[in-house]
1. Under 5 Å between amide H atoms, partner at least 5 residues away or on a different chain: which partners does GLY76 have, H built in plane at 1.01 Å?
2. Using Cα positions and a limit of under 16 Å, work out the aspartates and glutamates in reach of LYS234, with same-chain residues fewer than 8 apart set aside.
3. Please identify every one of the GluC sites (Glu not before Pro) in segment 8-112 that sits in a loop by DSSP and has no more than 14 other beta carbons within 10 Å of its own beta carbon.
4. Pairs of Cα atoms under 8 Å, at least six residues apart: use those to get the relative contact order of the chain, whole percent.
5. Accessible area per residue of the chain at 1.4 Å probe, in Å²?
6. List the relative contact order of segment 77-116 as a percent without decimals, with contacts defined as Cα pairs under 8 Å and 6+ residues apart.
7. Suppose we look only past 26 Å in the calculated P(r) of the chain. What percent of the Cα-Cα pairs does that tail hold?
8. Give me the percent relative contact order of segment 1-88, please, defined on Cα pairs under 8 angstrom at least 6 residues apart.
Amino acid sequence: VKCSRCRAPAQVRLPRIKAGFCPDCFKLYVERQAAKAVKQFELIRPGDKVLVAVSGGKDSLGLWDLLLKAGVRADGLYIHLGIGDYSVRSGEKAKNFAAQRQVTLHVVDLPAKDEAVPDLAPFGPRSFCSTCGTIKRHYFNRAAAEGGFTVLATGHNLDDEAGRLLGNVLRWQEGYLAKQAPSLPAEAPGLIRRIKPLIRLDEYEMAAYCFLSGIDYIIEECPHAKGATSIKYKQVLHHIEALMPGTKWNFYAEFQSRRALFAPGPAISSASPDDTDAPPLPDARWRQCSVCGQPSWLEICGFCRLKGRRAGSESPD
Ligand code: AMP
Ligand code: ZN
């Protein structure tokens, strides 16, 4: 098979766009898809100061590489979650990447603050992963506010987002559907806008991109992600995609052009943004967490309630 672009021998086959590429043309294809997503969804605006959330995996390191190549001077943010060996190794990948390219990586060391996710998770209202999300969001917003960043880029790819979309559709989660977009506005001052520039690229493409670009990333998944429902939705989509190449992107893109159908009326925003264990507040008004000062729907934000519950359980009574 020959490269669809330059006729050299193709090494990467992409049935979903009926194309095959040699390594150089494939990298160009990936760069263009990322640039196209940024343009199509207006992800990065003039004057934006971009922070990339890097986990050490292929998506976020590939994303950082793509942004730098495109001339976006983005800093990285790595949150050391304290999930055993997995966190130590993923942190090394992120640090090595930053050192090689001489770019700035901000590190939040949770174990050093006695806030390792495994220590706090038992005090969360929901699953380990949901508590981990609450903690990460807290530090994403905090790092952005402290560093003056205007937008946070995450490595969510097409498989992540199409899989999540499938899950939301199967349960007709209207509130979540309304909010499932490549760009999520900052909902209150002090919260950061979040963007997903890899939305036009899938897992295989990001892995191939990193491999061909010599980006060393952590291959293993977080040990807590095993068996997560999100992975099952992705697997189902892989099957459909294999039978009907192109379905994944169509599913996602056609949804985006109809997302307004789910635009939240006052009653719909079902999930509180700080992942609260309290019932949804239809007429939520933002206030400031009385402990940390971050915007919150309740007197104390989800992150500070988590820490409060742990502190409560430790104090003798
Ligand atoms: P995940 O939920 O693990 O699939 O991660 C989704 C995105 O969140 C990644 O692509 C990163 O952009 C970001 N992320 C995940 N873990 C971390 C971390 N420990 N530190 C910083 N960003 C992270
Ligand atoms: Zn707080």
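1. Those qualifying (amide H under 5 Å, at least 5 residues apart or on another chain) are VAL52, THR104, LEU105, HIS106.
2. ASP59, ASP159, ASP160, GLU161, ASP202, GLU203, GLU205, GLU221
3. Counting only loop positions with at most 14 other Cβ atoms within 10 Å, the GluC sites (Glu not before Pro) in segment 8-112 are GLU42.
4. Working: 501 pairs, mean separation 61.4, N = 317.
Over the chain, the number comes to 19 percent.
5. Numbers: 15970 Å² over 317 residues.
Dividing the accessible area of the chain by its residue count gives 50 Å².
6. Values: 37 pairs, mean separation 22.9, N = 40.
Relative contact order here is 57 percent.
7. Working: 24836 of 50086 pairs.
So the pairs more than 26 Å apart make up 50 percent of the total in the chain.
8. On the way: 92 pairs, mean separation 15.2, N = 88.
Taking the mean separation of contacting Cα pairs over the length of segment 1-88, I get 17 percent.
The values are calculated or read from the model by the stated rules, or taken from the named source; none is laboratory data. Just so it is clear, the structure is predicted and the values come from calculations on it, not from any experiment. All Cβ positions, even for glycine, are placed from backbone atoms using ideal geometry, and neighbour counts span all protein chains on display. These accessible areas exclude ligands, DNA and RNA; they are computed on the full protein's heavy atoms, side chains included. Shrake-Rupley method; radii C 1.70, N 1.55, O 1.52, S 1.80 Å.
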